[in-house]
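> There's a structure below that I have some questions on.
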Amino acid sequence: MAGSTIDHLIAMTVFIGAILIFVGLFNQTIQTAILYQRNRYLATKCSDLLDNMLLNPGTTYRINNKTVEWGKLDCTPTIFGLQDPEFTQYRLSPFSLMRLQSAAGEPIYYPGTQQWYSNITMGFGDFLLVSTAKALNYSTVAKLLGINNTYGFQLTITPIVNIAIEETHSGSPLNLTITVTGKGFPLANANVSYCLISVIKKQQQQGSYPTYSVMSGVSSTDNTGLAVLSFDNVSAGDSYALIVYAHISGLFGIGYHQRVTEDKRYVIPFVESFKEGRVILAHSYDVHKYGPPESAVFYNATFVHLSEDFTLREVENFKGKIGKINYGHGSQFYYDNITLPLSPGILIITYQSNNEYGVVLMPWGISAMAFPVVFGEDPSDKTWVATDIRQVIVDKVAYQAKLALWSLEGYQVIG
């Protein structure tokens with residue numbers, strides 16, 4: 001009798017243990033199924049959210065009987081969207097993208113205005129510094145999209161066509177090799193248009209405003225995506241900037257390269273107002289704290305845009321500006337202002353300081369120099385991230401838009 005009772009107890013223990021194991025496995029299976037459904041919903045949400053960003057222009061306004069998107073004004077939109085209101089499909093506004101606070105570079109403080117500036121710098125002389133007071137930050141956009149406290153995201157918009165420029169001979173003649181590539185492959189037989197901006201030296205005129213010459217031309221890439229440009233009238237000691245446009249089969253990209261003889265005393269442009277088109281021109285020593293400068297900086301600023309034949313042209317009714325910038329708050333000519341038209345283009349600033357020369361470029365509209373956009377939080381440390389991509393056009397330039405989305409719940413399978 002006792003042996004039978006013990007057998008029953010052992011059988012019951014084994015049975016209960018089996019039930020517990022089964023319940024545990026079943027619970028984990030259910031959690032995995034729930035997690036799969038959540039991740040599937042997250043992927044769908046990512047796709048819908050990306051289209052919502054790219055296929056609507058956000059808040060628009062009627063000014064002088066013309067539709068103006070929020071990107072060309074200084075206000076905060078009530079509806080967020082990046083589409084260019086003058087077009088349909090995946091065509092984005094270069095100014096709305098320009099107003100997104102960059103997550104790629106460290107913000108820069110300028111004591112002249114006592115403001116911080118969102119920073120997209122592609123190398124020396126290629127600046128895009130936008131007042132954070134006028135830029136949209138991550139939390140504001142998350143609220144406008146209705147996903148604050150629910151989802152986190154990062155939006156990256158990168159050029160599809162990449163153009164690398166290498167100086168292979170410094171001068172007499174100046175030789176430059178152009179390499180045009182797509183996403184991992186060379187673009188063979190692409191049409192190449194170029195514009196060389198060469199700063200003209202005035203050695204015996206200390207304190208004079210620099211001038212420049214412009215040389216334009218066309219070429220094409222070979223089967224490996226390479227093109228070689230040669231300029232006879234540029235010597236090894238000259239300062240210049242080369243802007244290159246490559247286009248083939250609907251793909252369009254931009255590259256640029258500068259050589260300067262002065263890389264400490266120069267002009268730094270800060271975007272102060274989109275509505276007024278106002279850009280502040282500041283002395284580099286007030287930003288980088290190099291110490292007392294040897295001299296002021298004299299500059300010559302002009303604004304150009306890309307014409308239909310892929311050449312740079314000065315904008316009609318825009319007057320270039322020459323000026324002088326001193327170092328130190330409160331000094332005369334502490335900084336200067338220039339007003340740009342509300343159309344995409346490139347601000348070109350040649351400068352001279354103590355008989356040394358250089359050139360600085362700033363895109364007005366993100367696409368004018370094919371600058372990338374990185375907006376939002378870093379997804380690298382997230383457990384599960386859904387991504388989706390679209391091919392878009394930003395004022396002729398081909399970009400790839402990628403959205404990374406993750407849930408802020410932090411759910412996972414519990415074993």
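> Over the chain, what is the mean sequence separation of C-alpha contacts under 8 Å (at least six apart), divided by residue count, expressed as relative contact order in percent?
Across the chain, relative contact order equals 20 percent.
> Here's a follow-up. For segment 81-146, what are the per-bin percents of Cα-Cα distances with bins 10 Å wide, up to the bin holding the maximum?
All Cα pairs, binned at 10 Å, distribute as 20, 42, 31, 8, 0 percent.
> So what are segment 68-213's ellipsoid semi-axes, whole angstrom, largest first, if each one is the square root of 5 times an eigenvalue of the alpha-carbon gyration tensor?
36, 24, 15
> Starting at the first residue of segment 338-345, write each ³J(HN,Hα) from the Karplus equation 6.51 cos²θ - 1.76 cosθ + 1.60 with θ = phi - 60°, in whole Hz, x for Gly and Pro.
9, 10, 9, x, 7, 9, x, x
> What's log10 of I(q)/I(0) for segment 145-266 at q = 0.21 Å⁻¹, Debye sum over Cα points only, no solvent?
-1.14
> With the cut-off at 21 Å, report for segment 179-251 the share of all Cα pairs above it, as a whole percent.
41
> Given a cut-off of 21 Å, what percent of all Cα-Cα pairs of segment 49-116 lie beyond it?
34
> Just from its helices, what would the mean residue ellipticity at 222 nm be for the chain, if runs of 4 or more DSSP H residues each count -39500 (n - 2.57) and the sum is divided by every residue, rounded to the nearest 500 deg cm²/dmol?
Value at 222 nm, helices only, nearest 500: -5500 deg cm²/dmol.
> Give me the net charge for the shell around residue 239: Cβ to Cβ below 11 angstrom, other residues only, Lys and Arg +1, Asp and Glu -1.
Net local charge, residue 239 excluded: -2.
> Quick check: at a probe of 1.4 Å, how many percent of the accessible area of the chain sits on carbon and sulfur atoms?
The nonpolar share, carbon plus sulfur, comes to 53 percent.
> Just to be sure I understand: if I project the alpha-carbon convex hull of segment 305-359 onto a plane and average over all orientations, what area do I get in nm²?
5.4
> Which longest run of the chain has no exposed loop site in it, a site being GluC sites (Glu not before Pro) in a DSSP loop with at most 12 other beta carbons within 10 Å, and the site itself not part of the run?
87-293
> What are the equivalent ellipsoid semi-axes of the chain, built from the alpha-carbon gyration tensor (square roots of five times its eigenvalues), in whole angstrom, biggest first?
With the √(5λ) rule applied to the chain, the semi-axes are 53, 25, 22 Å.
> If you build the convex hull over the alpha carbons only and average its shadow over all orientations, what do you get for segment 264-361? Give it in nm² to one decimal.
6.8
> For segment 216-226, what does the Karplus curve 6.51 cos²θ - 1.76 cosθ + 1.60, with θ = phi - 60°, yield as ³J(HN,Hα) per residue in whole Hz, taken in order and with x for Gly and Pro?
10, x, 10, 7, 7, 8, 8, 5, 9, x, 10
> A follow-up question, please. For segment 131-202, take every pair of Cα atoms, bin their distances at 5 Å starting from 0, and report each bin as a whole percent.
Spelled out bin by bin, segment 131-202 gives 3, 10, 13, 12, 10, 9, 10, 12, 11, 6, 3, 1, 0 percent.
> Mind listing the phi-derived Karplus ³J(HN,Hα) values for segment 158-173, rounded to whole Hz, using 6.51, -1.76 and 1.60 with θ = phi - 60°, and x for any glycine or proline?
10, x, 7, 9, 10, 10, 9, 10, 10, 7, 9, 8, 6, x, 6, x
> Which of 98, 122, 53 moves the most in a Gaussian network model of the chain with Cα springs under 10 Å?
Result: 122 has the largest fluctuation of those listed.
> Ranked from the most accessible area to the least, with a 1.4 Å probe and all protein chains present, what is the order of 273, 380?
380, 273
> Could I ask something else about it? Return one whole number: the accessible area per residue of the chain in Å², for a 1.4 Å probe.
It amounts to 47 Å² per residue over the chain.
> Report the residue, chosen from 77, 372, 173, that carries the largest GNM mean-square fluctuation when the chain is represented by alpha-carbon nodes joined by springs under 10 Å.
Comparing 77, 372, 173 in a Gaussian network model of the chain, the most mobile one is 173.
The values are calculated or read from the model by the stated rules, or taken from the named source; none is laboratory data. Being a predicted model, the structure only gives us computed values, none of them experimental. In this analysis, Cβ positions are derived from the backbone assuming ideal geometry, glycine residues included, and neighbour counts consider all displayed protein chains. Keep in mind that these areas ignore ligands, DNA and RNA; they rest on the heavy atoms of the full protein, side chains included. Shrake-Rupley method; radii C 1.70, N 1.55, O 1.52, S 1.80 Å.
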